Amino acid sequence: WYKLAVLKDGIYKVTYNEVLNMGVNMESVTLQNIRLYGNGGGMVPQLNSIFRYDDLQENAIEVVDANTNNTFDNGDYFLFYGQSPDRWSYTTSDNRYHHQRNIYSDSTFYFITFSNSNQPKRIAAIESLAPSAPDRNISTFTDYSFHENDDKNFLKSGREWYGETFDINTDQHFLFSFPGLVPGSAYLRTNAIARTTVDAFVNSYFQVFANGVQIFNQAYPSVGTDNLAAHATEVTEAGVFTASSNDVDIEFKFLPYNSTSTGWLNYIE
């Protein structure tokens, strides 16, 4: 068994030379016995009641015999669809897609093996539809991206981690690129926390801008100085703005109540 790691959704190509460099005895490899196993991207569900496979599943692959000699040799390769360790899922509560970062791994793993025991899984060829006038033309699609760094875990507890710190550097920019963007409405969702430890009810603020236009001005109430007080105040905010170019500059400005107030970014999507 030979292990592969992938980072993003996409079609992956594994060549004869790459298999050879894994240390495989190529005399035992045929076009028919190449197999790929893996359970896709994302985390195993936290709840035991949610379905998950209890073993590796074989994946369908496309084996290309480039020189048509019916032997897996130089110039040949196989293709498979690999998934990112981070996933997007549709949420019916707001009819939008939201991301889930894999907090345990930055890679999704697939496994190659060689066996003649059963019929190997291959991508099936499907005949093209008969030529006809289309009833719908698709020229655009919804694209999405997120930024989330897992660097800090407060109280050494729990599964939630946070990224950039806003204390000395209170103004930070995050650049997203969407090549071929069609100008129009875009959706922005952010999550951040702030810590201000005073007994009075006061606020620190995060201001969020998209390409220089303010989208949010969110208050983060103080948490107090009691030993049982929350470590920080968390706020999730969502809204829409107009995107007019391929590059989207998201700017976070932290407005602390006093010199000891600190903010941390969780994610932008």
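Of the strands (runs of 3 or more DSSP E) lying entirely inside region 49-123, those containing at least 1 residues that are open to solvent by 60 Å² or more (accessible area, probe 1.4 Å) and closer than 23 Å to F141 by Cβ are 77-82, 87-91, 96-100. Suppose we keep only residues that are within 25 Å of D54 (Cα to Cα) and assigned to a loop (DSSP other than H, G, I, E, B) within region 6-41. Which one would you say is most open to solvent (accessible area, probe 1.4 Å)? Step by step, filter region 6-41, then rank; the result is K8. Restricting attention to region 155-190 and to residues that are of a type in the set (V, I, T) and in a strand (DSSP E or B), the residue that is most open to solvent (accessible area, probe 1.4 Å) turns out to be T165.
Of all residues in region 228-262, those satisfying the criterion of being more than 22 Å from L175 (Cβ to Cβ) and open to solvent by less than 50 Å² (accessible area, probe 1.4 Å) are A229, A232, T233, V235, N258, S261, T262. Do we have any residue at all in region 224-233 that's out of contact with any His (no Cβ under 6 Å at 6 or more places or on another chain), among the β-branched types (V, I, T) and part of a loop (DSSP other than H, G, I, E, B)? Among the residues of region 224-233, at least one is out of contact with any His (no Cβ under 6 Å at 6 or more places or on another chain), among the β-branched types (V, I, T) and part of a loop (DSSP other than H, G, I, E, B), which makes the answer yes. Residue count for region 174-220 satisfying the condition of being more than 27 Å from the chain's Cα centre (by Cα) and hydrophobic (A, V, I, L, M, F, W, C): 5.
The rows are residues; the columns are (1) β-branched (V, I, T); (2) in contact with a helix residue (DSSP H, G or I) (Cβ under 9 Å, 6 or more places away or on another chain); (3) over 18 Å from F254 (Cα atoms); (4) modelled with pLDDT under 95.
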residue: D199; (1), (2), (3), (4): no, no, yes, yes
residue: F206; (1), (2), (3), (4): no, no, no, no
residue: A210; (1), (2), (3), (4): no, no, no, no
residue: I215; (1), (2), (3), (4): yes, no, no, no
residue: Y220; (1), (2), (3), (4): no, no, no, no
residue: G224; (1), (2), (3), (4): no, no, yes, yes
residue: N227; (1), (2), (3), (4): no, no, yes, yes
residue: A230; (1), (2), (3), (4): no, no, yes, yes
residue: E234; (1), (2), (3), (4): no, no, no, no
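Within region 13-48, restricting attention to residues that are closer than 17 Å to D106 by Cα and of a type outside the set (V, I, T), which residue is farthest from the chain's Cα centre (by Cα)?
Selected residue: G38.
The values are calculated or read from the model by the stated rules, or taken from the named source; none is laboratory data. Computed from a predicted structure; not experimentally measured. Cβ: placed from backbone, ideal geometry, glycine included. Neighbour counts: every protein chain shown. Heavy atoms of the whole protein, side chains included, go into the accessibility calculation; ligands, DNA and RNA do not. Shrake-Rupley method; radii C 1.70, N 1.55, O 1.52, S 1.80 Å.
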